[in-house]
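The values are calculated or read from the model by the stated rules, or taken from the named source; none is laboratory data. The shown structure was predicted, so the numbers you read here are calculated from the model rather than taken from an experiment. No Cβ is skipped: glycine too gets one built from the backbone with ideal geometry, and neighbour counts run over all protein chains shown. What goes into the accessible areas is simple: the full protein's heavy atoms, side chains included, and nothing from ligands, DNA or RNA. Shrake-Rupley method; radii C 1.70, N 1.55, O 1.52, S 1.80 Å.
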Amino acid sequence: MTVDQSAISFGVATDVGRVRRHNEDSARAAGLIFVVADGMGGHAAGEVASGIAVDALMELAERPVLHQHDIVDQVGEANRRILESAARHPEQTGMGTTVAGLALVSGGGSQHWVVFNIGDSRVYRLIDGHLSQVTVDHSEIQELVERGVITAEQAQRHPGRNVITRSLGRDPMGPVDTWVFPPYPGEVFVICSDGLSNELPTEEIEDVVRAVDDPEVAAGELVRRAVEAGGRDNVTAIVVTLQGHESEAGVDEDTAPREAMGGPEGRQPTGKHTADPKVPTEGAGDRAAGEGSTGESRSVV
């Protein structure tokens with residue numbers, strides 16, 4: 001299908017939570033790009049890093065035509081700017097940020113969604129009434145889950161869940177994971193920091209986005225529930241809705257079928273920035289430490 005910008009609606013919400021004294025999350029939506037970044041490094045470096053990342057990616061909103069490689073290149077540019085800022089300001093040494101987002105790009109004569117991430121901020125997709133996690137967390141806990149050492153349920157409260165294996169603010173940064181697929185009428189995306197995903201199970205996130213049509217109201221409700229559930233971290237969510245009905249969907253042979261974008265069992269990420277989802281390339285940055293999502297230290301390994 002061809003997507004007109006007027007068919008896309010969105011809402012953004014954030015809250016400092018019940019434990020933190022300041023908000024290190026940054027979120028922005030403009031044009032056809034939507035981004036959440038979760039800063040690390042403490043006051044005020046974490047919010048500086050997340051702000052730099054979001055500002056850099058929002059520069060793409062001004063481009064009349066956007067391509068997948070533009071997203072990947074701009075994430076790299078954001079990393080360069082974070083490192084440059086830390087080099088100029090010693091008090092920012094070690095700051096970093098996750099980043100996750102969604103953009104509508106052109107390629108092969110048609111439009112495609114690109115989902116991208118580094119770190120443990122997430123993107124979910126609701127399609128045909130079912131919500132699934134598109135992104136894969138870059139974390140030690142996710143690696144344990146994938147190896148079958150612990151279950152996804154155990155991961156929710158594992159003491160090492162704050163240790164991430166990729167972030168911006170590192171040299172080398174590590175690969176940007178991307179997923180490319182065609183737009184589908186009526187689909188909904190949730191882009192969020194781990195302050196939301198650590199507090200609310202996928203089933204509850206699905207209940208909210210299925211029940212609430214207005215994306216601004218839905219984003220606010222997700223954040224409110226996460227704070228009520230504990231609010232142990234800053235909580236941020238962007239909800240993006242593509243208007244339309246299934247009958248408007250067309251066939252796009254240049255991209256993976258939407259069935260390939262399933263939940264944890266079926267999701268097919270790529271670190272190779274192609275239209276054919278594959279297993280992501282492994283990557284890691286240098287070790288650093290900042291504030292954690294529960295008030296404890298949050299590490300990048």
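Which residues in the range 23-57 have a backbone N closer than 18 Å to a point placed 7 Å from the Cα of GLU91 along the Cα-to-Cβ line? 23-24, 40-52, by backbone N distance to the label point. At a probe radius of 1.4 angstrom, the accessible area of the range 1-148 per residue rounds to 38 square angstrom.
Roughly speaking, to the nearest percent, how much of the range 4-154's 1.4 Å accessible area is carbon and sulfur? Spell out each step's value before the answer.
Numbers: 2990 of 5980 Å².
Percent of accessible area from carbon and sulfur atoms in the range 4-154: 50.
Using +1 on the beta carbon of Lys and Arg, -1 on that of Asp and Glu, and nothing else charged, what's the dipole of the range 1-82 about the Cα centre, debye to 20?
260 debye
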